[in-house]
Amino acid sequence: MLRARAVAGLPARHATTNRPRAVTVAARVAVAGAEARSPLLRALRCGGGPVPGRRVCICSAAAADSGSEATSSAAEGAEGASGEGEGEKAFSAIVPAAARPEDCHTVITLPLLQRPLFPGFYMPVYVKDPKLLQALVQNVKRSMPYAGAFLVKDEEGTDPNTMTSSESENSIHDLKGKELLKRLHDVGTLAQIMKIQGDLVVLLGHHRVQISEMVAEDPLIVKIDHLKEIPYDKDDDVIKATSFEVISTLRDVLRTNSLWRDQVQTYTQHMGDFNYPRLADFGAAISGANKLLCQEVLEELDVCKRLKLTLELVKKELEISKLQESIAKTIEEKITGEQRRYLLNELLKAIKKELGLETDDKTALSEKFRERIRAKKGKCPPHVLQVFEEEITKLQLLEASSSEFSVTRNYLDWLTILPWGDYSDENFDVHHAQHILDEDHYGLADVKERILEFIAVGKLRGSSQGKIICLSGPPGVGKTSIGRSIARALNRKFYRFSVGGLADVAEIKGHRRTYVGAMPGKITQCLKSVGTTNPLVLIDEIDKLGRGHSGDPASALLELLDPEQNANFLDHYLDVPVDLSKVLFVCTANVIETIPSPLLDRMEIIAIAGYITDEKMHIARDYLEKTTREACGIKPGQVVVTNDALLALIENYCREAGVRNLQKQIEKIYRKIALKLVRQGVPNKSPRDITVVEANEEPTSLDVATKDENTRSSIAEDASVDVGITDSSLENIDVVPLTTESEIGHNEHANEAPRKTYVEETVEVFNTSNKTEANNGSTQRGIEALVEWPMEKVIVDASNLVDFVGKPVFQAERIYDQTPVGVVMGLAWNAMGGSTLYIETAKVEESDGKGTLVVTGQLGDIMKESAQIAHTVFRAVLLEKEPDNPFFVKSKLHLHVPAGATPKDGPSAGCTMVTSMLSLAVGKSVKKDLAMTGEVTLTGRILPIGGVKEKTIAARRSGVKTIIFPSANRRDFDELASNVKEGLEVHFVDKYSEIYDIAFASDAETKSNQ
């Protein structure tokens, strides 16, 4: 930043003596043939010293403008000439040059990017073009130190606010000749080159010029016309008033914004006079206005208009200065308030400490920790008390600002907050537990029996020990919710955390205290959360444990879930043994195959196979429908979901083993019912009781009296009341004896069908008849009427179920009523629970040589091996049963298992494949309504399979009457509920020859068409 400096020996231009003020307007402007001092200098002078930071500096060209007028201030009087002689010479900061500015008619152009240069102001410009810089140096050497400074126009299609200065400079320096001339404003400033240092050129503005034509292109040299202000009347009232307002505004800005004071100080040192044009230029030059607004001031030759433009700019600066002052004041008050509050708090702490009302932080913390451990001293283990004393002593020796202090404080917080020796009182009432388990869950007999056994053992022993139980089964069967019910039945605290995807051992065993942000493991957090040492901890998704670079969490769980080790479980953070032997751990898993064997060995597995259709019906009716109806705000009498609808919903939409999807579908039904009721405008009110009081005075009139209005009606008889149409809410009234009365309102839905509601209100009906009683007095008789609000009951049955839940997701699994030759029904287990599938075998071609087999249906490796084994067994059985049948010798077989898009794998379809091939070979169809499952060996033995319950349910769903199971699965079948086994003919076999006799023993045999 350049600053204007006074020429050495410059006499003082401003005397410090007091000058008399003028009282007349004529004395405000002093013109004595030479330059006269302007009172504006005193109007703008501020007491503060110069503030650095401004880039544009000021100088005077008084030698060139010796005849200019002086401007006076409205507030200040004309300044006397004491201390200055009339012949005193005006000094200037312009370096004398041989050539005068008026003699320059051809100049080199200097493009200005940021702001235009105003006359009387300095401006440093960096010139990066070597040719242009060399030309300027040559002009200075030839005593022609002048150039034309012109502002650059913004490029079309670009935003000047988003474009950086470096991008603008690069784009301008690339332009030459006419292209550069088009980007320059026509009006600029003739500038004197004051100094050249490297690529920095210091300019001093003289007066306005305008480009007339181009002379040379590189560097750009143009002819210029010297511009002068339009003649004006210096005594014009508008010009005076505008100038006074500019001066007043500048004074206000200088009072609020100290950044301008150095400009005024420099200007008062170097400016010889202050006339109206210079006042306008001064205001526009020192403002922070947009460059285009400043260029507009520079181009304006009308002095009055120029002053008005400048006034707008300085007014904006004043508003910005006020806003800046307001922001600074707000921030300062905020900071001062916070400092004051902090100081007062510190003083308050010191006073309380001196009076003994409060101790310091360390003493208070120590007392808090000691109070916690004192309450548990009788139950707390000795090794914990020893560690506590060591850590509390260390805390007293540490500085509160040290990092070790916070680590020790957090450790003591965890150590003292754990429930050492605190146990919740358990409930060993078996009947109470049975009631709670049945209330929350239907079925799950195995789980309930195991929990009742646990309670019974605890009752006999007088105390209970922790156990590790693993509930395995498909999603949605209630594994997680049964854990919460077990905790409620045992009166234990419940805590659940999921280990699905867990890959960090520290989540189980905690972090070392040396780490930043170290915390104990989940089990320690559990004890802090529940506040007892015998909670029920549910470890969810234990079959989905991850393994990463931070260790193997499954191995870390070995200590936690081992009854022999968890009595002294060591958390890395606490580093003291924690007794978990009283904790009841319940784990959940979808499949147990993915659980590591050592971990699986420590758990007691209870398999939850899923719910059959009957169980789902009970769950839907007793649990899901009730909770969903209450959640949707629907009353029991407004909706009826039939058993046929629930059965169709279960069979065609929700075949999975669990009931989670069934709950979603029931919620979907009730949401649509709620929308239907709201659209019909059904009022959610209750039936209302009406009091009808009859007086026998007149024969034909009946008045209904309410608290709000009287409604006309027809004649009311003894047993019934016939209400007129004036109030449709009184239609269809059933009359019963009544003893209370209340008001009745109008029914806003008069045209709707009658529907019941459930709020009781009363109304009085007075009937006057001409029949005279024996006592000739009017008697009143109270009767009660039940008003029926419009209400339509929504019925959901199998016929309109599609309107609520859409098209069925599942189709009937059974394709054939009677399986054709070569087709046999098998049984499979899947994520939905169980299903039936067909094994189809067809002869592709017949040729001499070996018989071959082709398999399709997206079969897995195990199932492909089963097909090869079945083909071998088929050939052996066929050779035994029909030695003369050459089918297998010269036939190529194709075995397919629909559906082709469903992946299938497993060994249990072996006997079904053999039967399918034999059916094709002997030309007989198997027994009607027959399904089978079992793994077959090369010797024809039938091995056991899994999923007996699911496969049995799937067989019942498909209408199968006869099932063939391996003999080893007899125990699994006997454990099934009686309603599952009802109506089924089950055969248990050891060899395939037994299956052959059962499958082809049917009287209805079908010969092949071959």
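The values are calculated or read from the model by the stated rules, or taken from the named source; none is laboratory data. Just so you know, these numbers come straight off a predicted model, no measurement behind them. Cβ placement follows ideal geometry from the backbone for every residue including glycine, while neighbour counts extend to all protein chains displayed.
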Checklist outcome for this item: Residue count, the stretch 874-895, condition in a helix (DSSP H, G or I) and under 16 Å from Ile839 (Cα atoms), comes to 1
Next on the checklist: Any residue that is modelled with pLDDT of 90 or more and within 27 Å of the chain's Cα centre (by Cα) - is there at least one of those in the stretch 507-515?
Outcome noted: no
Checklist entry - Does the stretch 959-967 contain at least one residue that is under 16 Å from Ile815 (Cβ atoms) and outside any loop (DSSP other than H, G, I, E, B)? => result no
Checklist entry - Can we say Pro907 is assigned to a loop (DSSP other than H, G, I, E, B), free of Cβ contacts under 8 Å to residues at least 40 places away in the same chain and surrounded by fewer than 20 Cβ atoms within 10 Å (Cβ to Cβ)? => result no
Checklist entry - Quick one: how many residues across the stretch 528-571 are in a strand (DSSP E or B) and farther than 24 Å from Asp413 by Cβ? => result 6
Item to check | Every residue from the stretch 864-904 that is of a type in the set (Gly, Ala, Ser) and either touching a helix residue (DSSP H, G or I) at 6+ places or on another chain (Cβ under 6 Å) or surrounded by fewer than 18 Cβ atoms within 10 Å (Cβ to Cβ) (or both) | outcome: Ser866, Ala867, Ala870, Ala876, Ala899, Gly900, Ala901
Item to check | Within the stretch 408-519, helices (runs of 4 or more DSSP H) holding 2 or more residues that are within 30 Å of Lys377 (Cα to Cα) | outcome: 445-461, 479-490, 506-509
Checklist outcome for this item: Exactly one of Ala375, Ala350 is free of Cβ contacts under 8 Å to residues at least 40 places away in the same chain, within 15 Å of Leu418 (Cβ to Cβ) and either surrounded by 12 or more Cβ atoms within 10 Å (Cβ to Cβ) or not aromatic (Phe, Trp, Tyr) (or both), and that one is Ala375
Item to check | Qualifying residue in the stretch 624-639 (condition: assigned to a loop (DSSP other than H, G, I, E, B) and hydrophobic (A, V, I, L, M, F, W, C)) | outcome: yes
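Yes/no matrix, rows are residues, columns are (1) part of a helix (DSSP H, G or I); (2) on the phi > 0 side of the Ramachandran plot; (3) of a type in the set (Val, Ile, Thr); (4) not assigned by TED's automatic domain parsing to the domain that holds Ala99:
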| position | (1), (2), (3), (4) |
| --- | --- |
| Gly188 | no, no, no, no |
| Lys195 | no, no, no, no |
| Val202 | no, no, yes, no |
| Gln210 | no, no, no, no |
| Val222 | no, no, yes, no |
| Lys240 | yes, no, no, no |
| Phe244 | yes, no, no, no |
Item to check | Enumeration of residues in the stretch 441-486 that are under 23 Å from Asp579 (Cα atoms) and among the aromatic types (Phe, Trp, Tyr) | outcome: Phe454
Next on the checklist: So for the stretch 327-339 (the condition being aliphatic (A, V, I, L, M), in a helix (DSSP H, G or I) and under 30 Å from Tyr411 (Cβ atoms)), does at least one residue qualify?
Outcome noted: no
Checklist outcome for this item: Taking the stretch 497-552 and the residues there that are of a type in the set (D, E, K, R) and in contact with a Phe, Trp or Tyr (Cβ under 8 Å, 6 or more places away or on another chain), the one that is farthest from Ser406 (Cα to Cα) would be Asp540
Next on the checklist: Suppose we filter the stretch 898-913 for residues that are among the aliphatic types (A, V, I, L, M) and within 44 Å of the chain's Cα centre (by Cα); how many remain?
Outcome noted: 2
Checklist outcome for this item: Just one listed residue, out of Glu371, Glu354, Glu338, Glu358, is farther than 30 Å from Ser243 by Cα and at pLDDT 85 or above, and it is Glu371
Item to check | Long-range neighbours under 7 Å by Cβ, at least six apart or interchain, first residue within 19 Å of Leu570 (Cα to Cα) and assigned by TED's automatic domain parsing to the domain that holds Asn566 within the stretch 496-519, second among the polar types (S, T, N, Q) and at pLDDT below 85 | outcome: Asp504/Ser550; Val505/Ser550; Ala506/Ser550
Item to check | Boolean, Pro563 is surrounded by fewer than 20 Cβ atoms within 10 Å (Cβ to Cβ) and touching a residue at least 12 places away in the same chain (Cβ under 8 Å) | outcome: yes
